[in-house]
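A.B. asks: Just dropping this structure here.
Every read-out reported here was derived from the displayed coordinates using simple, explicitly stated rules and does not represent laboratory data. No experiment lies behind these values; they were computed from the predicted model shown. Counting neighbours? That spans all protein chains shown, and the Cβs are built from the backbone with ideal geometry, glycine included.
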Amino acid sequence: MQSARIDFRDQISANKWKSFFLMTFIFSFIVLLGYVVSLIYTGADIFLIMIIAVVFSLFYLLISYYKSDKIAIASVGAKKASREKYKDYYRIVEGLTIASGLPMPELYVMPSPQINAFASGRDPRHAVVCVTEGALEKLDRRELEGVLAHELSHIANYDIRYMTLVTVMVGMIAIISEIFLRSLWFRDNDRGGKSKAVLVIIGIALAILAPIIVQLVQMAISRKREYTADATAVKFTRYPTGLIKALKKIRFDSIQTEKRISKAVAPMFFANPFRELTSTHPPLDDRIKILERM
């Protein structure tokens, strides 16, 4: 039996709501962990823990937010694309910016034989798009348009800003957990009796499990944003076949990613360069199946 058709507008809306609920889950975990720690510690102790976590997280947020494009480009050794050399690259992006209403991003090329691309930047006016040499060589015009529409979708949906905020929230949980676990070495464990001991055990369990759980949730959010970007790319091009063919080429592309690509920037790529169980990207087959129903 033929699968029901999917409207890209419904797909975009559903994935954005799922991302919101997953982000709310992470925030709830911060509140829960902070509450348990506050029951164990009183006065200046918990205040100091929270202040350190907030300061470190805000510092990371500011750097990531204002320098995300430069950090990403420098980390992969990309060079600015010459308009004379990459005429089709510029023409495709210019056409997509007209269709999407986005300003023209800066274009870069990354030296890699693999088919891949990424976008970065804190907002549409400070955005960059980078593709690999392999993508420019192996994809035809329609396929490349699909990939570039996907990357421009990340810019239009403010995914870099969104994922930076999620990363900071996850970082706060990691910092709070680490400080709490280390502080137990200096705490008088005889104070408070059995009730306090039970709270300490609960606190330790949360401090150990929270960073793991929220990191898995963070990856789930990243995967939802990828589905949203695929659907938004269809909205921009009205032609899912180009993106489908590009994904199929990537699936059968046997060339391994260079080791110098940092895992820190892997979530930004069109296809995850690391084949792991805890992937920031949904399986290519799943993405293809959904696109084929649009």
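A.B. asks: Are there trypsin sites (Lys or Arg not before Pro) in the range 64-167 that DSSP puts in a loop and that have at most 15 other Cβ atoms within 10 Å, and which ones?
C.D. replies: 83, 85
A.B. asks: Distance check, please: which entries in 70/289; 224/245; 67/249; 16/67; 18/70; 138/235 exceed 27 angstrom between their Cα atoms?
C.D. replies: Result: 70/289; 67/249; 18/70 exceed 27 Å.
A.B. asks: Could you calculate the contour length gain from residue 91 to residue 123, that is, 0.36 nm times the residue separation minus the distance between their Cα atoms, to one decimal place in nm?
C.D. replies: Values: separation 32, 0.36 × 32 = 11.52 nm, distance 2.17 nm.
Length difference between fully extended and current span is 9.4 nm.
A.B. asks: Provide the FRET efficiency to the nearest 0.05 for the residue 212-residue 183 pair, computing r from the beta carbons and using R0 = 22 Å.
C.D. replies: 0.65
A.B. asks: Which FRET efficiency value, to the nearest 0.05, is calculated for residue 239 and residue 98 with the Förster distance at 22 angstrom and r the Cβ-Cβ distance?
C.D. replies: Computed FRET efficiency for residue 239 and residue 98 comes out at 0.90.
A.B. asks: Shifting gears a bit: Taking only the alpha-carbon atoms of the range 57-171, what semi-axes of the equivalent ellipsoid follow from 5 times the gyration tensor eigenvalues under a square root, in whole Å, largest first?
C.D. replies: 25, 15, 12
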